[in-house]
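FYI, it's all coordinate maths here, none of it is from the lab. Keep in mind it's a predicted model, so treat the numbers as computed, not measured. Quick reminder, even Gly has a Cβ in these numbers, built from the backbone with ideal geometry, and neighbours come from all protein chains shown.
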Amino acid sequence: MTARLWNLQGDTIQLFPDHNGAIDAVAFSPDGKTIITCAKDTIHLWNLKGKIIRKFKNPDILSSVAFSPDGDRILTGSYDKTARLWNLEGDMIQAFTGHESLYKFRGIFTRWKNNTYGIL
């Protein structure tokens, strides 16, 4: 499968190929220079020219993804009812378990005043 980036006129300006199935989630970095796509259990980190910066595996099928406000971390939600926090190198920092159903969020990942993170 291939993700596509369009301009406002509807013209395809970049392709992001090499997915192992349907693309389940997409997010832009806060600075707009990097894109994450998720297909099945694989996270793809791209530059805007369509070059893969990094590809790494999640333990289960992905349902949602977001960048942290500073762009230094990635949060994923997956079908195993777990949210996971990653660095941009593909290292999992923390798994958040205990959810009662599929973990899918709206892609809002915020930092509060006390330097803790929250998701909606």
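Assorted remarks:
- The gain in end-to-end length when the Lys40 to Tyr79 segment is fully stretched comes to 13.0 nm, 0.36 nm per residue minus the alpha carbon separation.
- When each of the peptides 86-93, 43-50, 60-67 is scored by how many other beta carbons lie within 10 Å of its residues on average, the order from highest to lowest is 60-67, 43-50, 86-93.
- Inter-site label distance for Arg4 and Lys51 at 7 Å from Cα along Cβ, in nm: 2.5
- Distance in nm between pseudo-label sites at Met92 and Ile61 (7 Å out along the Cβ direction from Cα): 1.8
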